[in-house]
1. With respect to GLU98, is the statement that it is open to solvent by 60 Å² or more (accessible area, probe 1.4 Å) and modelled with pLDDT under 90 true?
2. Can you pull out every residue in the range 129-143 that is open to solvent by less than 50 Å² (accessible area, probe 1.4 Å), over 33 Å from the mean Cα position of the chain (by Cα) and at pLDDT 85 or above?
3. Would you mind finding the one in ALA73, ALA79, ALA67, ALA45 that is closer than 20 Å to GLN173 by Cα, open to solvent by less than 90 Å² (accessible area, probe 1.4 Å), in a helix (DSSP H, G or I) and at pLDDT below 65?
Amino acid sequence: MLLNTSPGRCLSGLFSRIVFPACLFLGGAAIASGQQPTDTPSSTATSSNPANAKPKKVWTNDDVAPASASVVAKAASPAPPATGANAHLAVQLRGKLEKLQPQLQGLDTQLDELKRFQAGELSGDAGRQLHKRYSSAPIPEQIAKLEEKRNHLQDQIEAIYEQARKKGILPGQLR
C-alpha cells in the first residue's frame, strides 16, 4: 500500500486534530470570561477596605427554627385558664361551638354548590353523589332555606360568644 501524502489531506487532519479543538477552547474561554460579573462601586469600596467590612450573617435552618418556633409559641399560647365555675362554663360553651362550627361549614358548602348550580356551572360529579337525596323544590327556594339555617347557626354562635363575654370568659378560652 502506498501512503497518501497529498498536502490537502494532511491539513485537514491537522485542522481536525489541533486547530478546531483550539478554537473551541478559546471560544469557550471567551464566553466564560464574558459571564463573570464586573465589580460595582459598592462592592469595590468594601473589598478595598477589609477592616471596615462587616462579615455577613449566614442563616441556616438551625438558626431559623428556634426563632420561628418561639414566635409561633407566643402567638399560639392559650389564654389564661378561667377559674371555678367560669372554667366549667367555658368547657361547655367550647363544646357547643365545636358542634356548631362544622354544621356552619357544611351549610356554606351546600350554599356554594347550589349557587354554582344555579349559575349554570356543573360540578362534574353529578352521578357520584349517591348519598344526597333528590329535591323537587326550586333552587332559589332551597338557597333561601339554607341561608335561613345559616343565619340561625350564626346567631347561636354569636349568642355563645356573648354569653361567654358576659361571664368574663375571654374569646381565646373558647378556641
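1. Considered against the rule, which asks whether it is open to solvent by 60 Å² or more (accessible area, probe 1.4 Å) and modelled with pLDDT under 90, GLU98 comes out as no.
2. GLN142
3. Among ALA73, ALA79, ALA67, ALA45, only ALA73 is closer than 20 Å to GLN173 by Cα, open to solvent by less than 90 Å² (accessible area, probe 1.4 Å), in a helix (DSSP H, G or I) and at pLDDT below 65.
The values are calculated or read from the model by the stated rules, or taken from the named source; none is laboratory data. Just so we're clear, the structure is a prediction, and the values are computed from it rather than from any experiment. Accessible surface areas use protein heavy atoms only, side chains included; no ligands, DNA or RNA. Shrake-Rupley method; radii C 1.70, N 1.55, O 1.52, S 1.80 Å.
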